[in-house]
1. Heavy-atom accessible area per residue, the chain, 1.4 Å probe: how many Å²?
2. Quick one: dipole size for the chain, taken about the Cα centre, charges +1 on Lys/Arg Cβ and -1 on Asp/Glu Cβ, in debye to the nearest 20.
3. To the nearest 20 debye, what charge dipole does the range 47-187 have about its Cα centre, counting +1 at the Cβ of each Lys and Arg and -1 at the Cβ of each Asp and Glu?
4. Just report the Cα centroid separation between the range 39-60 and the range 318-341, whole Å.
5. Could you tell me which of Q136, L154, M271 has its Cα farthest along the dipole of the chain towards the positive end, charges placed at Cβ (Lys, Arg +1; Asp, Glu -1), taken about the Cα centre?
6. Report the rotationally averaged projected area of the chain based on its alpha-carbon convex hull, in square nanometres.
7. Choose one answer from K28, K185, K122: the residue with the largest mean-square fluctuation in a GNM of the chain with alpha-carbon springs under 10 Å.
8. For the range 10-215, just say rounded, prolate or oblate: build the C-alpha gyration tensor, square-root its eigenvalues into a ≥ b ≥ c, call rounded for a/c under 1.5, and beyond that prolate if a/b exceeds b/c, oblate if not.
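The values are calculated or read from the model by the stated rules, or taken from the named source; none is laboratory data. None of the values given here were measured: they were computed from a predicted structure. Virtual Cβ from ideal backbone geometry, glycine too; neighbours counted across all protein chains shown. Just so you know, the surface numbers come from the protein's heavy atoms only, side chains and all, with ligands and any DNA or RNA stripped out. Shrake-Rupley method; radii C 1.70, N 1.55, O 1.52, S 1.80 Å.
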Amino acid sequence: MRLAVAKINLEALAHNLAQVKQFAPHAKVMAVLKANAYGHGLVKIAQHLNEADAFAVARIDEALALRAGGLTKPIVLLEGFFHKDDLAILLANNFQTVIHDENQLQALEQANLGASISCWLKINTGMHRLGIDPSQLDDFYKRLQTTPNAKNTLNLMTHFSCADDVNDTKTAEQIALFNSLVIGKNQSHCLANSAGIIGWSKGHGDWVRPGLMMYGVSPMLNSTGRKHNLKPVMNLSTKVIAIRDVDAKQCVGYGGRWQSNKATKLAVVAMGYGDGYPRHAKQGTPVIINNQRYGIVGSVSMDMISVDIGDNAKGVKVGDEVTIWGEALPVEEIAHCASTIAYELLCNITSRVSYEYSDSLT
Ligand SMILES: *Cc1c(COP(=O)(O)O)cnc(C)c1O
């Protein structure tokens, strides 16, 4: 019997990519596949994104894994390269690089490549993480147009810091600043992550960079994918491995952190932080067994969680399937119960979980 399984719904993935295009009909799509495609399986997901114009990853190893998997689309390295010796790898594998600081530009200028690399110049418009200062733009622009190591078609990009909140004025300021900086620089412009795509149509530019929304999950504050007509791609489930009776006042689990105020039944479920379930999920965080929501109780342990099933009128039994998150139980809700974000939960799925890919959930 298999316990924890992440069922990956490829039909939902295609639906979500089509949804990206509904939101941003005039933009090309750079599908963001970093961190094992947000825990969904890098190569498998990439193989089912034929309609994307390019892929984007954060690490050179992720890009190499895509090429090793036979994928031939353009691949953009979102943080660029990390050492001058990486440039030969970029060239050999047709990777495109972000240029976000002086060190990278110098390394590119000084390299003896004999061919040119496609570059995305990243401008800091308010995130203050990566990116050149607006005052450096003209200098970088000129140097990138001059060096034979960069392709003439230079792309310009920036990244939003607060786009998940449609009431925050920061994003409009970032868009306005970016637009003022790139006037007369007639190149491709790329600004929006998922939140920018959903919440800020003025920031769509020529290319968009969807990550989370492709996986059917909402990046917006207090929202779920369903509100934006997205379908969760991952459905994480496992099995009940034991049913036990507890009396009133018996302490359950490590540290005895929970006790029932009346006699009840618990379902012990094969899912813990060793599978990627958040250890800080609060008491009452929901799971679904036989179409019924129940709440977890006690500490999350490495391999198990306990679920209060009350008097068990629904007849929950060993071997029953337990939905941890997915179509019927938004991962955004579980993230909220664990004081974290859905991004983290998806990335944290461990290798103990088996993956199953299918075109539908049935
Ligand atoms: C991760 C990342 C994205 C995708 O962000 P989502 O919120 O998942 O859509 C886009 N751009 C950059 C630079 C990123 O690092």
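1. The answer is 44 Å² per residue.
2. The dipole of the chain has a size of about 580 debye.
3. 420
4. 24
5. Of the options given, the answer is M271.
6. 19.5
7. Result for the chain, Cα springs under 10 Å: K185 fluctuates most.
8. oblate
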